[in-house]
1. From the list Ser113, Ser95, exactly one residue is closer than 19 Å to Val36 by Cβ and of a type in the set (S, T, N, Q). Which is it?
2. Based on this model, can you work out whether Asp179 counts as free of Cβ contacts under 8 Å to residues at least 24 places away in the same chain and of a type in the set (D, E, K, R)?
3. Please enumerate the residues belonging to the stretch 191-242 that are among the β-branched types (Val, Ile, Thr) and surrounded by fewer than 19 Cβ atoms within 10 Å (Cβ to Cβ).
Amino acid sequence: MFMPVTRSRLLPVRAGSQAAMLKLAHSPDERRGGGVMAWWNGQGAAPVLAVQGEALLMVRAPGDTLAPMVRAGRDEAATAILCQVVARLHAPRDSPRPAAPPLAKLFSALTQSGDPTLARARQVAAGLLETARDPVLLHGDIHHGNVLDFGADGWLAIDPWGLVGERAYDYANIFPNPDLASVTLDRFAARLEQIARTADLEPARLRAWAHAHAGLSAAWHAQDGSDPATARALLALLEAAG
């Protein structure tokens, strides 16, 4: 089963007068992410100063993530920023996109799971993958902690996985983040309406991707023994709503 590995070593450094972050990748997945960051060339993602092998040198964000904005009661503003960042990442580029695995490979942890409690999520994911549309190079792990305030450069993404698949998937991980307190029916409904409108997505399909991703997240938690509470809460919310 395929699950992106995130064990990079991060070191705050300086590149001349520029505050920078050195990321040393410990897996092929993370090395691929460095190439994706370089291809984005500062458009929606942190500017890359250099990349070689396992080493990625990028500009260091002077500001915080989006999580404090949500906790301060500004969820709509945070969601708007996430949508703007994703749109910039998905914008067409002149150069060919770097090689990346298909989104279906990421979902193998769910589609190959025998957990009966994930049966509905498996069905939803299979249907989406069979009818995939609007393929783009996906970040793959967009959430409030992976979008940072870069000051004059605005809000930019870090830590992509790099996958090719339907663009709607990059919005799915917004729903269970930044923490379990975000998983309420009212907040889900408000985010669904806002994201679908802003990103020009069909609400029902966006909802389905959120369902599929929650199932995938639950399958990952089962694999590594981590706490599945947030993924399970979102699954329960979606499946209770029908």
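FYI, it's all coordinate maths here, none of it is from the lab. This structure is a prediction, so every number in the text was calculated from the model and none was measured. Every residue, glycine among them, receives a Cβ derived from its backbone with ideal geometry; neighbour counts consider all protein chains shown.
1. Being closer than 19 Å to Val36 by Cβ and of a type in the set (S, T, N, Q) holds for just one of Ser113, Ser95, which is Ser95.
2. When the stated conditions are applied, Asp179 does not pass them.
3. Within the stretch 191-242, just Thr198 meets the criteria.
A quick yes/no check of all residues on (1) surrounded by 13 or more Cβ atoms within 10 Å (Cβ to Cβ); (2) over 24 Å from Met21 (Cα atoms):
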residue: Ala80; (1), (2): yes, yes
residue: Leu89; (1), (2): yes, no
residue: Pro92; (1), (2): no, yes
residue: Pro96; (1), (2): no, yes
residue: Ser108; (1), (2): yes, yes
residue: Gln112; (1), (2): no, yes
